[in-house]
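Scroll down for the structure; my scribbles are underneath it.
The values are calculated or read from the model by the stated rules, or taken from the named source; none is laboratory data. None of these values were measured; they are calculated from a predicted model. Neighbour counts are summed over all protein chains in view; Cβ atoms, including those assigned to glycine, are modelled from backbone coordinates with ideal geometry.
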Amino acid sequence: MQFYSKISTYFVTGLLLASIQFISCNPGDPDVSDIQTDIVLERLDRDLAMYMAKGDSVDFLRSKYGTFFDNYSHGILKIPVSDDEDLAEALSSFINDASVKLVNRYIDSVFKDMGPVQSDLEEFAKHYAYYFPSDTFPRIIGVNSFFDISIMTDHGYLGIGLDMFLGKNCTFYDELNVPLFKRKTMTPDQVVPLAIAGWFQSDHPYELEGKDFLSQMIHRGKELFYVEKMLPSISDTTLLGYTQKELDWCKENESRIWGLFIENKILFSKDPSIYSKFMIQAPKTAGFPDEAPDRIASFIGWRIVTKYVEQSGEIDLLQLIKSKNSVQILEQSGYKP
């Protein structure tokens with residue numbers, strides 16, 4: 001257990017356009033059947049277990065995974081930068097640790113059938129190629145982050161901590177005392193949606209600090225809309241990370257939520273506590289009935305952006321993402337729940 005003790009302090013760190021494509025006024029799934037992709041979820045977690053027992057394992061893994069391998073080793077596993085011999089020894093200690101082996105087995109049991117994940121990734125890749133034909137789709141790599149981080153992005157890479165999507169009833173999450181409200185998005189069906197959201201944040205970084213509530217809400221709405229365009233088969237519950245009961249409550253009380261934002265004049269507030277109350281994961285939204293889910297401002301932002309696209313007739317997706325005028329988006333959406 002030597003290596004386990006070495007990394008235990010990081011155990012819960014992460015729990016916490018050349019061609020223009022348009023979105024029609026009745027946004028639907030474009031025909032991407034002719035777009036060919038060869039995307040697969042590469043498995044660094046399995047390759048580590050397979051190759052660390054062999055000579056020149058570090059050279060092989062670095063040649064296969066490029067800079068992602070070193071960023072994973074040093075940034076996620078927190079192995080100090082050293083020569084390859086020391087790195088190989090540290091990785092071997094990690095792979096042979098009893099706790100790590102147990103997590104790897106749990107990952108393999110949950111993701112025994114990679115068909116659903118692979119299907120979602122192919123859908124993502126095809127729609128990304130449709131909307132952003134000049135851009136290069138990232139390599140997608142699954143890892144065991146040892147409960148450090150869910151999604152990691154690098155130059156041309158999108159890493160997925162498969163250990164963070166083992167299901168809300170995962171015994172490891174019990175041992176880690178992960179709150180139940182956070183586990184709602186720690187399920188296998190959230191792997192690709194959250195990976196898409198992570199790539200959106202990497203591809204289109206946006207400094208939220210100092211922005212007013214409306215701007216932050218609209219940006220979150222764009223992110224959800226982007227995920228929906230990259231993965232049109234996604235259900236609203238999976239997109240939002242809600243149960244059906246929570247989604248129904250939001251739909252039934254949409255005008256009430258919006259009315260509260262207007263009546264309390266918070267749209268242009270820059271108070272961080274407002275953002276935290278309405279956009280951060282929590283057991284519920286404070287001040288609302290127990291049935292009210294968290295992140296209700298994200299729901300409203302998504303509804304505004306969707307209405308804006310419907311009212312605009314045709315709009316370039318990249319143009320929508322880059323638009324910084326949140327007031328204009330709100331006004332032109334005609335949003336009145």
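For residue 323, the criteria (1) of a type in the set (Ser, Thr, Tyr); (2) closer than 23 Å to residue 207 by Cβ; (3) surrounded by fewer than 18 Cβ atoms within 10 Å (Cβ to Cβ); (4) at pLDDT 95 or above hold in every case but one, which is (4).
Each row is one residue, and each column tells you yes or no for (1) of a type in the set (S, T, N, Q); (2) on the phi < 0 side of the Ramachandran plot; (3) in contact with a Ser or Thr (Cβ under 9 Å, 6 or more places away or on another chain); (4) buried (at least 16 other Cβ atoms within 10 Å of the Cβ).
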{"position": "185", "(1), (2), (3), (4)": "yes, yes, yes, yes"}
{"position": "193", "(1), (2), (3), (4)": "no, yes, yes, yes"}
{"position": "201", "(1), (2), (3), (4)": "yes, yes, yes, no"}
{"position": "213", "(1), (2), (3), (4)": "no, yes, yes, yes"}
{"position": "216", "(1), (2), (3), (4)": "yes, yes, yes, yes"}
{"position": "219", "(1), (2), (3), (4)": "no, yes, yes, yes"}
{"position": "223", "(1), (2), (3), (4)": "no, yes, yes, yes"}
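Scan segment 233-268 for residues that are touching a Cys at 6+ places or on another chain (Cβ under 9 Å) and in a helix (DSSP H, G or I) and the total you get is 2. Does segment 227-247 contain at least one residue that is touching a His at 6+ places or on another chain (Cβ under 9 Å), closer than 27 Å to residue 127 by Cα and surrounded by fewer than 19 Cβ atoms within 10 Å (Cβ to Cβ)? Yes, because at least one residue in segment 227-247 is touching a His at 6+ places or on another chain (Cβ under 9 Å), closer than 27 Å to residue 127 by Cα and surrounded by fewer than 19 Cβ atoms within 10 Å (Cβ to Cβ). Residues in segment 276-320 that are over 24 Å from the mean Cα position of the chain (by Cα) and exposed (fewer than 13 other Cβ atoms within 10 Å of the Cβ): 286, 287, 289, 290, 313, 314.
Report yes if residue 334 is surrounded by 13 or more Cβ atoms within 10 Å (Cβ to Cβ) and out of contact with any Asp or Glu (no Cβ under 7 Å at 6 or more places or on another chain), otherwise no. In short, no. Against the test of being closer than 15 Å to residue 333 by Cα, modelled with pLDDT under 95 and of a type in the set (A, V, I, L, M, F, W, C), the options 280, 315, 274 yield a single qualifying residue, 315. It is to be established whether one or more residues within segment 259-266 are in contact with a Pro (Cβ under 9 Å, 6 or more places away or on another chain), surrounded by fewer than 19 Cβ atoms within 10 Å (Cβ to Cβ) and not polar (S, T, N, Q). Within segment 259-266, one or more residues are in contact with a Pro (Cβ under 9 Å, 6 or more places away or on another chain), surrounded by fewer than 19 Cβ atoms within 10 Å (Cβ to Cβ) and not polar (S, T, N, Q).
Within segment 80-96, the set of residues being among the hydrophobic types (A, V, I, L, M, F, W, C), farther than 18 Å from residue 145 by Cβ and part of a helix (DSSP H, G or I) comprises just one member, 88. Filter segment 205-232 for residues that are assigned to a helix (DSSP H, G or I), within 17 Å of residue 271 (Cβ to Cβ) and of a type in the set (Lys, Arg) and give the result. 220, the sole residue that qualifies. Those residues that are within 19 Å of the chain's Cα centre (by Cα) and surrounded by 19 or more Cβ atoms within 10 Å (Cβ to Cβ), I need them from segment 103-128; list them, please. 107, 111, 117, 120, 121, 123, 124, 125, 126, 127, 128 - these are the residues of segment 103-128 that are within 19 Å of the chain's Cα centre (by Cα) and surrounded by 19 or more Cβ atoms within 10 Å (Cβ to Cβ).
The condition of being out of contact with any His (no Cβ under 6 Å at 6 or more places or on another chain), farther than 18 Å from residue 52 by Cβ and not in a strand (DSSP E or B) holds for only one of 126, 101, that being 126.
If you check residue 49 against the conditions, is it under 30 Å from residue 118 (Cβ atoms) and either in contact with a Ser or Thr (Cβ under 7 Å, 6 or more places away or on another chain) or in the same structural domain as residue 160 (by TED's automatic domain parsing) (or both)? Considered against the rule, which asks whether it is under 30 Å from residue 118 (Cβ atoms) and either in contact with a Ser or Thr (Cβ under 7 Å, 6 or more places away or on another chain) or in the same structural domain as residue 160 (by TED's automatic domain parsing) (or both), residue 49 comes out as yes. Residue 309 - would you say it is of a type in the set (A, V, I, L, M) and in contact with a Gly (Cβ under 6 Å, 6 or more places away or on another chain)? The answer is no for residue 309.
Scanning segment 141-157 for residues that are within 25 Å of residue 99 (Cα to Cα) and in a strand (DSSP E or B) yields 141, 142, 143, 151, 152.
In the set 143, 100, only one residue is under 17 Å from residue 156 (Cβ atoms) and buried (at least 20 other Cβ atoms within 10 Å of the Cβ); that residue is 143.
Look through 176, 91 and report the one residue that is surrounded by 20 or more Cβ atoms within 10 Å (Cβ to Cβ), hydrophobic (A, V, I, L, M, F, W, C) and not assigned by TED's automatic domain parsing to the domain that holds residue 279. So the residue among 176, 91 that is surrounded by 20 or more Cβ atoms within 10 Å (Cβ to Cβ), hydrophobic (A, V, I, L, M, F, W, C) and not assigned by TED's automatic domain parsing to the domain that holds residue 279 is 91.
The residue of segment 158-186 that is farthest from the chain's Cα centre (by Cα), among those that are in a loop (DSSP other than H, G, I, E, B) and closer than 24 Å to residue 141 by Cα, is 170.
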